[in-house]
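For reference, the structure is listed below as C-alpha cells.
The values are calculated or read from the model by the stated rules, or taken from the named source; none is laboratory data. Just so you know, these numbers come straight off a predicted model, no measurement behind them. With ideal geometry, Cβ positions are generated from the backbone for all residues, glycine too; neighbour counts draw on all protein chains shown. Calculation scope for accessible area: heavy atoms of the full protein, side chains included, ligands and nucleic acids excluded. Shrake-Rupley method; radii C 1.70, N 1.55, O 1.52, S 1.80 Å.
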Amino acid sequence: MFPIPYQKAYKIYGNPLPQYIIDRLELELNSIIGNGFSSVYYISHMLVKQSNENGYVVGSRGSVGSSFVATMMGITEVNPLKPHYICPKCHYSAFKFNDQDKKVYGEQDIPEYVQKELDNVDCGFDLHTINCPICGEQMDKGGIDIAFQTFLGFDGDKVPDIDLNFSGEYQERAHLFCREMFGIDNSFRAGTVSSVADKTAYGFVKGYIERKGGKFRQAEISRIAEEIAGCKRTTGQHPGGIVVVPDHIEYTDVTPVQYPADDTTATWRTTHYDYHSFESNLLKLDILGHDDPTVIKALMDYVEQNQDEFNFNKVEDIPYIDPMVLSLFSSKDALNLKGDDGDRLSSGTIGVPEFGTNFVREMLEAIKPKSFGEVLKVSGLSHGTDVWLGNASVLVQGESKLYNGKLPFKEVIGCRDDIMIYLLNKNLPAFDAFSIMEKVRKGKGLSPENEALMREHDVPEWYIESCKMIKYLFPKAHATAYVMMALRIAWFKVYHPIYYYAVYFSKRAKAFDCETFVEGRNAIRNMINSIEKKDDKKNKEIDLLDELKIALEMVLRGFTFKQIDINKSDATNFVISDDKKSLYLPFAALDSLGAAAASTVIEARNVMPFTSVQDVERRTKLNKTQVAKLKVLGAFGNLPEKDVHTLL
C-alpha cells in the first residue's frame, strides 16, 4: 500500500514533490505504519475503490479527512493541506504558509498577485481562478487546512476510526465485499447490547410488587430499580459495523457469535458481545448507509443518459464551486421563482442536504455566507452543541459584552480544528494548542492554566469565553465532506432543476399528497397554510409540510406534477415527462400503496400492456381499495373497466 499515496501525489503535485508535501506524507506514514494502522487504511482504500467502480461515490465521516494519506489513497475527497494553487500541467504550486512555515520551508517564489490571493482566503476553494505564472494553464485550487493530529492524536498513536458513508443501495454489497476479502470466519456484523433503562427498571419493580401483592417503601423500590438499570435486556446489530478478526486468531478465542433471531440461514453472524468490549483490539469497519451518495448516483445516471447537456461525466468534475450555487445559501435569486413562495427565510437551500432544516436556514439568514469557507463554518456550527445559539450568534449579531460591535463571521469558532489552527497562529506551543482543542471539543472547558497561557499569547477574552461555553465541536473534515456533497447536489438544483427535483422526490421525500401536488401552486400553498396553522401537527403532517414547500418551489420555477399514469408512472421513482417540464407521480406516492405492491404493476406492464382496469387487478397485487383510489385520480386514463372478452 505504501506506494499508493506517493503515486497519487506525484500525479497531482509532480515529481519531485514539494518538500511540504513530502514532510506531510512522511509524518503521517511514520505514524500509520509505525503503529500498525496500515491495514486499516488499505482495507478502507479497497472498499471505497470497489464502491466507486460500481458507480457510487463514498462520503467520509469524522476526522479521516484530516489525513493527507487518506486523501491520496482515495479514502476521502477532503484535502487537509494548507490553501494552495497547483498547476495540472507543469505542477507549479503555491501554498499559503504562515510565519512558522516560512521558517521551515523558506520564502516561496510566488508572484505578488498569487500571494495576494492566498493571503485573502482561509480555504483553498475560495481562491479565485488564475492561470499558472509558468506555463499559463488554468490552475487547480484546494486545501482546507486541517492538522493531521486531529485524526490520530498528537503522537499519532490513536486508533484510526475511519467511518464511511456508502449509498444505502450499495451498503449491503460493501458488507459482503468485506466477507469476500476476509472470509466467513473472519468477518462478522458488530453486535450491540441494549440495557434496561431507568424508567423501565422502575416499571419492572412496580410490576413485580403488584403481582406479589407486597408492600415496599419508596426508597427500597428505587434501590432495586437502580440495581436492575443497566443490565442487559437484548442484543442487536450495529447498522454498519463489521468486525474483522485476523486470520491467525480463532474468533472463538475472542467472542461468541450468534445468528440474529436464531435464524441459522441468515447471511451474517453477529458478535455476541457489544463491540465496545473489544473495539481497541479488533478492527471494526464502519460501513454506513447514507442518502447523499444515493442521490449523487441518481443524478449522475441522468448525466449519463443526457450527456449532450453536460460537459462532464464524472462526479468529481461537477463544477460545484460556483457563484450561483453558493448564492443559494443567502438568496433565492438563482432559482428564478415566478411568484412569492411565502417563505420568510431568504436562502434557497430547502431540499439541500444538511442545509434544508429551519434551524440551519435560520442560521443562514443571520450569517448570509458568501464563500465555501463560510458555508463550511455554518456546517460545523449546526452540528455542534452550544457553539451557535448563545455563543457565536451573540458575537456576530453584536450582542456580546466581550466584543465591541459585530464580530466578522469568519473569526468565530465553527469546527474543532479551528481552535488548534487559531492557537498555532497565535504562537502557542503545538502540544498546548492541541490539548486545548481536545478539551474544548469534548465540552471540558478550559483550566486556569489554559486561560493564562492563552492570554499570555494575546488571545482575546471573547475567544476564551466562547471556548468555555462549548459542549461539543464537529470535525472540520466531516463538515467539509458534507458541504462538498451538498454543493454538488445544489449545482443540479440551480442548473438542471428537473433532474434535481426528480431525484429529490424519488430518493428523499417522505410524504406525498397526490391531488394537491397535481393541482399546483394555489392548492399547495393552501395546504401549507392549513398545516402551519395547526398547533398539534401529526408526524405525517410535519413530513408532508417539508415536501409541500419543495413542491411549491418547483412549481414556482415553471415545472408541474402529473398524476399517476398506468402507462408512464414508475413504482417508486418520479418519471420526467418527454418535454422535461413535468414529473409523473409514482404509484407508491398513493397513500397506503407500498413499494412492493407498486412494483407488481411495473413488472406486469413490462410483460404486456394492460387492457383494462380488470386486467390491472388480475395481474398485480393492488387491492380493490387502491384500485378505487387510482380511479378517482384518473390513473387508468382511457382503459375500459373490463376486458372485451369478459363483456362478451
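Descriptive notes on the structure:
- From the C-alpha gyration tensor of the stretch 225-290, square roots of 5λ in Å: 22, 16, 15
- To the nearest ten degrees, helix 218-228 and the longest principal axis of the Cα atoms of the chain are 80 degrees apart.
- Taking every alpha-carbon pair under 8 Å whose residues sit at least 6 apart, the chain reaches a relative contact order of 11 percent.
- Each listed q (0.16, 0.21 Å⁻¹) maps to a log10 I(q)/I(0) for the stretch 311-360 from the Debye sum over equal C-alpha point scatterers, namely -0.55, -0.82.
- For the stretch 238-379, the calculated P(r), taken from all Cα-Cα distances in 5 Å bins from zero up to the bin holding the longest distance, is 2, 7, 12, 12, 11, 10, 9, 9, 9, 9, 7, 2, 1, 0 percent.
- Rounded to the nearest 20 debye, the dipole size of the stretch 242-285 about its Cα centre is 100 debye, using +1 on the Cβ of Lys and Arg and -1 on the Cβ of Asp and Glu.
- Mean Cα-pair separation over length for the stretch 500-648, i.e. relative contact order, pairs under 8 Å, 6 or more apart, %: 21 percent
- Positive-pole candidate from ALA598, SER371, ASN573, dipole of the chain, charges at beta carbon: ALA598
- Note on the chain: dipole from Cβ charges, positive end direction compared against CYS132, VAL352, ASN638; the farthest Cα belongs to ASN638.
- Between the stretch 218-241 and the stretch 597-622, the alpha-carbon centres lie 50 Å apart.
- Here the ratio of the Cα radius of gyration of the stretch 1-86 to 2.2 N^0.38 Å is 1.06.
- Applied to the stretch 36-51, the Karplus parametrisation 6.51 cos²θ - 1.76 cosθ + 1.60 on θ = phi - 60° returns per-residue 3J(HN,Hα) values of x, 9, 4, 5, 4, 5, 5, 4, 4, 4, 5, 5, 5, 4, 4, 5 Hz, with x for Gly and Pro.
- Counted over all Cα-Cα pairs of the stretch 109-268, pairs farther apart than 21 Å make up 72 percent.
- Farthest toward the positive end of the dipole of the chain, out of THR235, GLN305, LEU487, is the Cα of THR235, where the dipole comes from beta carbon charges about the Cα centre.
- Rounded FRET efficiency, nearest 0.05, which uses the C-beta distance separating GLU365 from GLN7 and R0 of 51 Å: 0.65
- Percent of C-alpha pairs per 5 Å bin in the stretch 368-454, short distances first: 3, 14, 21, 23, 23, 13, 3, 0.
- Using alpha-carbon coordinates, inclination of helix 3-13 to the longest axis of the chain, degrees: 80 degrees
- Solitary cysteines of the chain, where the nearest other Cys Cβ is not under 4.7 Å: CYS123, CYS178, CYS231, CYS415, CYS467, CYS514
- 1.4 Å probe accessible area per residue over the chain, in Å²: 47 Å²
- Counting only Cα atoms, the stretch 431-475 measures 27, 22, 17 Å along its principal axes, largest extent leading.
- Portion, in percent, of the accessible area of the chain that falls on carbon or sulfur, probe 1.4 Å: 48 percent
- Scaled against 2.2 N^0.38 Å for its residue count N, the alpha carbon radius of gyration of the stretch 502-556 is 1.06.
- Considering only alpha-carbon pairs that sit under 8 angstrom and 6 or more positions apart, the relative contact order computed for the stretch 401-548 is 18 percent.
- Distant-in-sequence amide H partners of PHE97 (H built 1.01 Å from N, under 5 Å): none
- Scaled radius of gyration (Cα, divided by 2.2 N^0.38 Å) that the chain gives: 1.10
- In this Cβ point-charge picture (+1 for Lys and Arg, -1 for Asp and Glu), the chain has a dipole of about 1800 debye about its Cα centre.
- Evaluating kT/(6 pi eta Rh) at 10 °C and 1.306 mPa s, with the Kirkwood radius of the stretch 74-191 over Cα pairs in the Stokes-Einstein relation, gives 90 µm² s⁻¹.
- Dipole magnitude of the stretch 442-520, debye to nearest 20 (Cβ charges: Lys/Arg +1, Asp/Glu -1, about Cα centre): 440 debye
- Between the stretch 54-97 and the stretch 376-409, the alpha-carbon center distance in angstrom: 29 Å
- Between helix 595-607 and the chain: long-axis angle, C-alpha atoms, 0 to 90°, nearest 10: 70 degrees
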